[in-house]
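No lab work stands behind these numbers, since they all come straight from the coordinates. Keep in mind the model is a prediction, meaning the values are calculated, not measured. Heads up, the Cβs are rebuilt from the backbone with ideal geometry, glycines too, and the neighbour counts pull from every protein chain shown.
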Amino acid sequence: MADGIGRHPMKAVDDTLLSVLEDRMGALVAAHRTGALTPEAEAEMSAISQTLTRPMSSLPPFCVLMAGLPGSGKTTLSRTLTNRGFVRLCPDEEMYQRHGVYGVDFPRGTFPTLERPVLDDVAVELREQLQAGHDVVVDHGFWTPADRNRWRAIAIAAGATPVLVYLAASHDELWSRINKRNKDHAHDPNSIYFSESDLQRYRTRFVPPGSDEPHVMYCGDPADVIAALEKYE
């Protein structure tokens, strides 16, 4: 466990987790009443309900999920959290190990198909790590509410406290970082090659967290996220 983050007094952790779950359940119930509940959100409701009705048997670990486009700072933040004792899970690195360089060793258009089983395996490892009591950060963008609901439900079902971090950045900021790191794409799994038009297209598909998704804002300083996590104590 991470010093200062993973070691909480029992009652403080319970109160924090219950507050997060109750707030999220309230938003889901409201969506259910209007008929806007997705299958993923229904699964999340079920996981929350099970967690709220069972006794806490151990200190709930953190599960940090991120919402952000390429170049928003996900890897920088997640690596900072590993220095605080978090386990880092990175689907892009697993993709690189299994299939090689994006757009070189496999066609760009096959990425979603190849990534699906990788994400399924990462989800299994996430569940196992959380059930073992480890704090975990998932170094992945989670572009839509449906994606975030699914992974939040996994964390809740494993008895963890999910924390969503929104990494907001302008197009110019993102493109400046991506353009610099593109030169490393052949040997760095965290530097997948993207063109500026790719980034513009991805932004149209990215759905930022709204008021119904409690989240921590990240503006480039990992200390802000660490401070927010420490408030959970």
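List MET25, MET45 from most exposed to least, where exposure is judged by having the fewest other Cβ atoms within 10 Å.
MET25, MET45
Please rank VAL20, VAL136, fewest neighbouring Cβ atoms within 10 Å first, as an exposure proxy.
Sorted ascending by nearby Cβ count, the order is VAL20, VAL136.
Where the convex hull is taken over the Cα atoms of the range 80-184, what is its projected area averaged over directions, in nm²?
Taking a quarter of the hull surface, the average projection is 7.8 nm².
I want to verify a result. In a Gaussian network model of the chain, Cα cutoff 10 Å, which of these has the top mean-square fluctuation: ILE154, ILE192, ILE48?
ILE192
Given a cut-off of under 8 Å on Cα pairs at least six residues apart, what relative contact order in percent is computed for the range 10-230?
Once normalised by length, the contact order is 30 percent.
What does the charge dipole of the chain about its Cα centre add up to, to the nearest 20 debye, if the Cβ of each Lys and Arg holds +1 and the Cβ of each Asp and Glu holds -1?
180 debye
For CYS63, CYS219, what's the fewest-to-most ordering of other Cβ within 10 Å of each Cβ?
On the way: CYS63 28, CYS219 11.
With the sparsest Cβ surroundings first, the list reads CYS219, CYS63.
For the chain, set up a GNM with springs between Cα atoms under 10 Å and report which of LEU77, LEU167, LEU199 has the largest fluctuation.
Judging by the Gaussian network model, the answer is LEU199.
Tell me, what is the percent relative contact order of the range 130-208, built from C-alpha pairs under 8 Å that lie six or more residues apart?
Computed over the range 130-208, the figure is 33 percent.
Per 0.36 nm of contour for each residue apart, how much would the distance between MET217 and HIS187 grow if the chain were fully extended, relative to their Cα-Cα spacing?
Once the chain is fully extended between MET217 and HIS187, it gains 7.7 nm.
Could you check the spin-label model distance between THR38 and ARG205? Points 7 Å from the Cα along Cα→Cβ, value in nm.
For THR38 paired with ARG205, the spin-label model returns 1.4 nm.
Find, to one decimal place in angstroms, the Kirkwood hydrodynamic radius of the chain, where the mean of 1/r is taken over every pair of different Cα atoms and then inverted.
Result for the chain stands at 18.4 Å.
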